[in-house]
Amino acid sequence: MFTGLVEATGTITGIDKNKVRINTSLSRELKIGDSVAVNGVCLTVADIGEDVFLANLSPATFSVTNFLEKKAGDIVNLERAMLLSSRIDGHLVYGHIDTTAKVVDVIKSNDFHTIRIALPSEFKNYVVKKGSIAIDGVSLTIAGESAGFIEIAIIPHTWNNSALRYLYAGSSVNIEFDIISKYIEKNLIIYHNKSRINLEFLEENGFA
């Protein structure tokens, strides 16, 4: 489990459908078997070298994440698994990617940036304005939504200290939606929308 707060970035030095090799000083803090979120994907450290680590990729992971489009030289976000004693300054991120999506625009306003992402329609129920979302493993807040799109506002610190600054129109990003929205959806389906959980309930309890 992760918080969506990037600890470091790394450079891919090799990648195929079975493994990814990443150069990063964070490897000094790792040991074999550790969980690391790489662009939001929970991977297990399989080997460690000097300022480099290797993680295996399953065929499913490779095909449903933006690893499919990554190549040597690309920069990725890295975060070690959280401690139970840690403050959760972001939100609970599991490292299980729900979908990939395309960036359609990156807008700069002074030191702030807004990224606009085309969202597949089947995931629209997981999106709420001011709700949490993980983009390439970064815990972010949804600033706005419209038919088929979401907008994410990024503060200067996050932009300057993550791989988000390398995004451009056409970039593919990994998306993990807030787990709370998934449980709510399942609850509503099971109880045929007769539960007490509705938009008013969510607003009253700070979820919307």
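Heavy atoms of the protein chains alone define the surface here; on that basis segment 1-152 has 51 Å² accessible area per residue at 1.4 Å probe size. Note on the chain: with neighbouring protein chains present and a 1.4 Å probe, carbon and sulfur make up 51 percent of its accessible heavy-atom surface.
Here's the list of aspartates and glutamates a cross-link from residue 19 could span, going by alpha-carbon distance under 12 Å and ignoring same-chain residues fewer than 8 apart: 47. Between amide H atoms placed 1.01 Å from N, distances below 5 Å from residue 99 occur with 175, all of them 5 or more places distant or on a separate chain. Report which label in [x] 1.02; [y] 0.98; [z] 1.07 holds the value of Rg/Rh (Cα atoms, Kirkwood Rh) derived from the coordinates of this structure. After the calculation, the listed value that fits is [y].
Classify segment 6-89: rounded, prolate or oblate, from the alpha-carbon gyration tensor (a ≥ b ≥ c, eigenvalue square roots; a/c under 1.5 rounded; otherwise prolate if a/b is larger than b/c)? The shape class here is prolate. Couplings 3J(HN,Hα) for segment 27-44, derived from phi with the Karplus relation 6.51 cos²θ - 1.76 cosθ + 1.60 (θ = phi - 60°), are 4, 5, 9, 9, 9, 4, x, 5, 8, 9, 8, 10, 6, x, 9, 6, 10, 10 Hz, where x marks Gly and Pro.
Around the Cα centre of the chain, unit charges on the Cβ atoms of Lys, Arg, Asp and Glu (plus for the first two, minus for the last two) sum to a dipole of about 240 debye. Sparse packing (at most 11 other Cβ atoms within 10 Å of the Cβ) combined with a DSSP loop state is found for the following trypsin sites (Lys or Arg not before Pro) in segment 121-168: 130. Summarising the label geometry, the points placed 7 Å from Cα in the beta-carbon direction at residue 47 and residue 8 lie 1.9 nm from one another. Longest exposed-loop-site-free stretch of the chain, with chymotrypsin sites (Phe, Trp or Tyr not before Pro), DSSP loop and at most 15 other Cβ within 10 Å? Segment 1-93 is the longest. Annotation note: trypsin sites (Lys or Arg not before Pro) in segment 16-67 located in DSSP loop regions with a Cβ neighbour count of at most 15 within 10 Å are 17, 31. The overall shape of segment 69-130, judged from the alpha-carbon gyration tensor, is rounded, with an a/c ratio under 1.5. Taking Lys and Arg as +1 and Asp and Glu as -1, the other residues whose beta-carbon sits under 13 Å from that of residue 28 total -3. Among 155, 133, 22, the largest mean-square fluctuation in a Gaussian network model of the chain, built with springs joining Cα atoms closer than 10 Å, belongs to 155.
Ordered by residue, what ³J(HN,Hα) values in Hz, to whole numbers, does segment 148-156 give under the Karplus form 6.51 cos²θ - 1.76 cosθ + 1.60, where θ = phi - 60° and Gly and Pro are x? Result, ordered by residue: x, 9, 10, 10, 10, 8, 10, 6, x Hz.
Simple point charges give the picture: +1 on the Cβ of Lys and Arg, -1 on the Cβ of Asp and Glu, and for segment 75-185 a dipole about the Cα centre of about 160 debye.
A Förster radius of 45 Å combined with the Cβ-Cβ distance from residue 17 to residue 155 puts the calculated FRET efficiency at roughly 0.80. Within segment 42-86, the trypsin sites (Lys or Arg not before Pro) that combine a DSSP coil assignment with at most 10 other C-beta atoms in a 10 angstrom radius are 71. Scalar couplings 3J(HN,Hα) for segment 130-143, obtained by applying the Karplus form with A = 6.51, B = -1.76, C = 1.60 to θ = phi - 60°, are 6, x, 8, 7, 10, 10, 6, x, 9, 6, 9, 10, 6, 8 Hz; x denotes Gly and Pro.
For the residues 84, 57, 140, a GNM of the chain with alpha-carbon springs under 10 Å puts the largest fluctuation on 84.
Exceeding 22 Å between C-alpha atoms, which entries from my cross-link table qualify? They are 102/124; 70/129; 108/129; 31/182; 70/182; 129/182. Violating the 22 Å Cα-Cα cut-off are 70/129; 31/182; 70/182.
The values are calculated or read from the model by the stated rules, or taken from the named source; none is laboratory data. If you're wondering where the values come from, they're calculated on a predicted model, not measured in any experiment. Positions of Cβ are backbone-derived with ideal geometry, glycine not excepted, and every protein chain shown enters the neighbour counts. SASA here: full protein model, heavy atoms, side chains in, ligands and nucleic acids out. Shrake-Rupley method; radii C 1.70, N 1.55, O 1.52, S 1.80 Å.
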